[in-house]
Amino acid sequence: MSIQKNSEVVEPMEKDRLRAAAMAAAEHAYAPYSRFRVGAALLLEDGSVVTGCNVENCSYRLTSCAEQGAIARAVAEFGPKIRVRAVAVANLNDAASMPCGACRQTLAEFGEDGMVVLYPGEGGAMEETTLGALLPHAFRAEYIG
Ligand code: THU
């Protein structure tokens, strides 16, 4: 997927680091129902990396995605002003996958359209896009004043 011109600039080494952090977080996933183990790693403005994993529930709709867990943890650790420059998602199932729609909107709350999104493509290679490409016209806080 093509990179938008407003994309955040993230160094290749930082991308590799984020992906590794997402993979490590996926090891902690609680996914006894889907067995799809997901990790997410956020790169914050100050260079901090915050991870999360999916946490499922026997009442299936209460499942929390890895990205949502990472955002909640980042806010808890660093406060409500966090801004996310990049996010990597990974899974231990060797599957190509991207953040779900709900997670895209959750990420949009704490970053710009140029947020870099790293995800596993077909064959396991790390692919890159932006949040704006995945969620054009996100619902934004400005709308509600
Ligand atoms: N999942 C995530 O953690 N992130 C996503 O963006 C997509 C889906 C999780 C939720 C559920 O535990 C499992 O993957 C299968 O849907």
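Summarising the amide proton neighbourhood of Thr63: residues at separation of 5 or more, or on other chains, whose placed amide H is nearer than 5 Å comprise Asn57.
Placing +1 on each Lys and Arg Cβ and -1 on each Asp and Glu Cβ, with no other charges, gives the chain a dipole about its Cα centre of roughly 320 debye. R0 = 22 Å: FRET efficiency of Met98 with Tyr143, Cβ-based, nearest 0.05? It comes to 0.35.
The base-10 log of I(q)/I(0) for region 69-145, evaluated at q = 0.11, 0.13 Å⁻¹, reads -0.30, -0.41 [Debye formula, identical scatterers on Cα atoms, solvent excluded]. Counting only protein chain heavy atoms and rolling a 1.4 Å probe, the accessible areas of Phe36, Phe139 rank, largest first, as Phe139, Phe36. As a length-normalised measure over Cα pairs under 8 Å and 6 or more apart, the relative contact order of region 8-134 settles at 23 percent. Karplus-based coupling profile of region 131-140, in residue order and whole Hz: 4, x, 6, 7, 9, x, 6, 4, 5, 10, with θ = phi - 60° in 6.51 cos²θ - 1.76 cosθ + 1.60 and x standing for Gly or Pro.
A cut-off of 5 Å between modelled amide H atoms, ignoring neighbours fewer than 5 places along the same chain, links Val117 with Val87, Thr129, Thr130, Leu131. Taking the 1.4 Å solvent-accessible surface of the chain as the whole, the part contributed by carbon and sulfur is 54%.
Karplus-derived 3J(HN,Hα) values for region 118-123, using 6.51 cos²θ - 1.76 cosθ + 1.60 with θ = phi - 60°, are 9, 8, x, x, 4, x Hz; glycine and proline are entered as x.
Going by a ≥ b ≥ c, the root eigenvalues of the Cα gyration tensor, does region 8-134 fall in the rounded group (a/c under 1.5), the prolate group (a/b larger than b/c) or the oblate group? Verdict is oblate for region 8-134. For the chain, the solvent-accessible area of protein heavy atoms averages 54 Å² per residue (probe radius 1.4 Å; ligands and nucleic acids excluded). Which percent of the Cα-Cα distances in region 44-113 go past 16 Å? Pairs farther apart than 16 Å: 49 percent.
The values are calculated or read from the model by the stated rules, or taken from the named source; none is laboratory data. Every value quoted in this text rests on a predicted model; they were computed, and no experiment measured them. Heads up, the Cβs are rebuilt from the backbone with ideal geometry, glycines too, and the neighbour counts pull from every protein chain shown. Calculation scope for accessible area: heavy atoms of the full protein, side chains included, ligands and nucleic acids excluded. Shrake-Rupley method; radii C 1.70, N 1.55, O 1.52, S 1.80 Å.
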